[in-house]
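The values are calculated or read from the model by the stated rules, or taken from the named source; none is laboratory data. Keep in mind that this is a model prediction, so the values were computed, not measured. Cβ sites come from the backbone with ideal geometry, for glycine too, and all protein chains shown count toward neighbours.
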Amino acid sequence: SQQGEEDPQALSIQEGENATMNCSYKTSINNLQWYRQNSGRGLVHLILIRSNEREKHSGRLRVTLDTSKKSSSLLITASRAADTASYFCATDITQGGSEKLVFGKGMKLTVNP
Amino acid sequence: EPEVTQTPSHQVTQMGQEVILRCVPISNHLYFYWYRQILGQKVEFLVSFYNNEISEKSEIFDDQFSVERPDGSNFTLKIRSTKLEDSAMYFCASSEEGVAGYTFGSGTRLTVV
């Protein structure tokens, strides 16, 4: 799998249901971040979880990180139609002495009203 | 809330022409980045910039690309001779303390015809 690969690649749910997205990566990370992108628009930072953290909450978002399995999950509870967007995980890695974000391919979430 | 501003939002250019994409990072941020996203594909790292020099660049960032911080507030990406495959959304980002805490701009959609 690639660094920062989301699973599933597309998810369609009904409003009110929970949505879970998974991300796997290969190399050591400094932190992992989740972003949201509405179609054709910019990237919105959702949440950051550091490599020494296991779980983090922000409103309806819950992120977990398992560094032993090199995986993370993003849970959106009580989804709304406005949550329809693409979601990306991005791993912050240090390579050659400098840091950068490596993005996954993204997961398209559709929340049906 | 402070924003990263990118101009123009959309640029159409003829193949072979030079383009300059402009970004105004958040004023107290020290680290600057350019990423690009070809339509329907993942966000790819292009270059990072710190202390008035390139920290790291990807293999995409070849001799046709250059970055500059000409006046202490703007951060520009220049493509000297555009190709059709340069058509993409280009995102600028800045951060205060390295990659943790990125703020992305809303992007410039570059269309090369």
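Pull up region B:23-32, narrow it to residues that are hydrophobic (A, V, I, L, M, F, W, C) and buried (at least 16 other Cβ atoms within 10 Å of the Cβ), then point me to the one that is farthest from the other protein chains (Cβ to nearest Cβ). Here the answer is B:V24. Looking across region B:33-47 at every residue that is charged (D, E, K, R) and either more than 20 Å from B:L84 (Cβ to Cβ) or assigned to a strand (DSSP E or B) (or both), the one that is farthest from the other protein chains (Cβ to nearest Cβ) is identified as B:R36.
Is there any pair linking a residue in region A:94-113 that is more than 12 Å from B:E56 (Cβ to Cβ) and more than 9 Å from chain B (Cβ to nearest Cβ) to one that is among the small types (G, A, S) and in a strand (DSSP E or B), with Cβ under 6 Å and at least six apart or on different chains, and which? Matching pairs, first to second residue: A:K108/A:A10; A:K108/A:S86; A:L109/A:A19; A:T110/A:S12. Taking region B:10-33 as the range and being at pLDDT below 95 and of a type in the set (G, A, S) as the test, only B:S27 passes. For region A:1-32, the set of residues classified as in contact with a helix residue (DSSP H, G or I) (Cβ under 8 Å, 6 or more places away or on another chain) and either in a strand (DSSP E or B) or over 16 Å from A:S79 (Cβ atoms) (or both) consists of A:A19 only. Within region A:33-41, does at least one residue satisfy the condition of being surrounded by fewer than 19 Cβ atoms within 10 Å (Cβ to Cβ), modelled with pLDDT of 95 or more and over 12 Å from A:S73 (Cβ atoms)? No, region A:33-41 contains no residue that is surrounded by fewer than 19 Cβ atoms within 10 Å (Cβ to Cβ), modelled with pLDDT of 95 or more and over 12 Å from A:S73 (Cβ atoms). From the list A:T67, A:T84, the lone residue that is of a type outside the set (A, V, I, L, M), more than 21 Å from B:G101 (Cα to Cα), at pLDDT 90 or above and more than 10 Å from the chain's Cα centre (by Cα) is A:T84.
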